[in-house]
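Some notes on the structure that comes next.
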Amino acid sequence: MAILGYPIKHTLSPKMHNYWLKELNINGKYEAIKTPVQNLKKTIKKLYKKGYKGLNLTIPLKEEALKYINKKDKIVDITGAANVLIFSKNGYIEGKNTDVYGFKKSILDLVKNKKRKMAMIIGSGGAARAVLYVLIQMKYKKIILYNRTKKNAEIIKKDFLKRFSNDLKTKISCKDLKKTKNNIKQTDLLINTTPMGMKNFPNLNIDIKDLRTDAAVFDLIYNPLETKLIKESKKKGIKSMNGLDMLIYQAQRSFYCWLNKTPKITNKLKKILEKEIK
Ligand code: NAP
């Protein structure tokens, strides 16, 4: 197995998967392979021939990968992104999106017993689509997509309305990233799905002064473990969560997709990853 992406230097996936392979006494390895978009097709072909069980994909390949899969499930279809490829013997490549699973598993605890009237999603890329899909399943009444490029948020809205047709009970709206102030008081959940706040990136520039203390904050970033957004939320006594659990759960599900075994998520593994980040 391997993860493909560009850049790929700081990925934690090999650490997790190789840890699990060892724990479960499975003879195999998981690598990180630097793959620019233009090399994706030939790299998939090469690794398939070499007998790899499958691959993980990260930025910027999750959307591009759709061109090379023979079978996709509903989640890949709606999110427009696959972060897992499964190579089967008959020459078929199946695409899955385990970011959705990872996000769903980790957010449940964060919003337990909290109101689900309004959620704000910052960003409108692949991760935002996974988040939106889960929040709709969780029956949030209103979800606002805030993005630097409003048009990209509108494309997501359009795609979702089309896919869900008349079944959508959630109201989705799209706004400019600069306008978060107008709705922050009413929101029950604020989620950052942009890379802002990540190591070597500028911080996410939003004012959470008016965010209620009974709201919740989820930042998909896990490096650093505490972004400015998480730090400020903690200071205000707002329940918050970083993206590390999501990352681990998506990996656990990926492992299952290839090997039909669910590896254990232990404190020991989490400590190893946290140490790697620090
Ligand atoms: P993506 O498809 O490239 O989308 C990036 C989004 O961030 C876009 O909406 C983009 O806005 C916005 N953005 C980028 N730079 C910005 C800036 N300078 N100011 C304001 N907005 C900016 O990326 P993605 O796949 O959604 O991933 C986004 C983040 O989520 C990454 O940091 C990734 O590491 C994280 N992630 C974490 C997990 C996890 O397991 N924890 C899983 C998936 C993703 P425009 O539309 O205007 O370009």
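The values are calculated or read from the model by the stated rules, or taken from the named source; none is laboratory data. Since this is a predicted model, take the numbers as computed values, not measurements. Positions of Cβ are backbone-derived with ideal geometry, glycine not excepted, and every protein chain shown enters the neighbour counts. The area values use the complete protein model at the heavy-atom level, side chains included, leaving out ligands, DNA and RNA. Shrake-Rupley method; radii C 1.70, N 1.55, O 1.52, S 1.80 Å.
A few notes on this one:
- Matching residues in the range 125-145 - criterion: being within 12 Å of the ligand (Cβ to nearest atom) and either touching a residue at least 40 places away in the same chain (Cβ under 8 Å) or open to solvent by 60 Å² or more (accessible area, probe 1.4 Å) (or both): GLY125, GLY126, ALA127, ALA128, ARG129, ALA130, VAL131, LEU132
- Condition check for LYS89: outside any helix (DSSP H, G or I), of a type in the set (Lys, Arg) and closer than 28 Å to LYS275 by Cα: no
- Hey, LYS175 open to solvent by 10 Å² or more (accessible area, probe 1.4 Å) and away from the ligand (no atom under 16 Å from the Cβ) or not: no
- Meets criteria (out of contact with any Phe, Trp or Tyr (no Cβ under 7 Å at 6 or more places or on another chain) and either open to solvent by 50 Å² or more (accessible area, probe 1.4 Å) or among the hydroxyl-bearing types (Ser, Thr, Tyr) (or both)) for ASP109: yes
- Hey, THR194 assigned to a loop (DSSP other than H, G, I, E, B) and farther than 24 Å from LYS22 by Cβ or not: yes
- Which listed residue is within 10 Å of the ligand (Cβ to nearest atom) and either open to solvent by 70 Å² or more (accessible area, probe 1.4 Å) or touching a residue at least 12 places away in the same chain (Cβ under 8 Å) (or both), from ASN205, ASN183: ASN205
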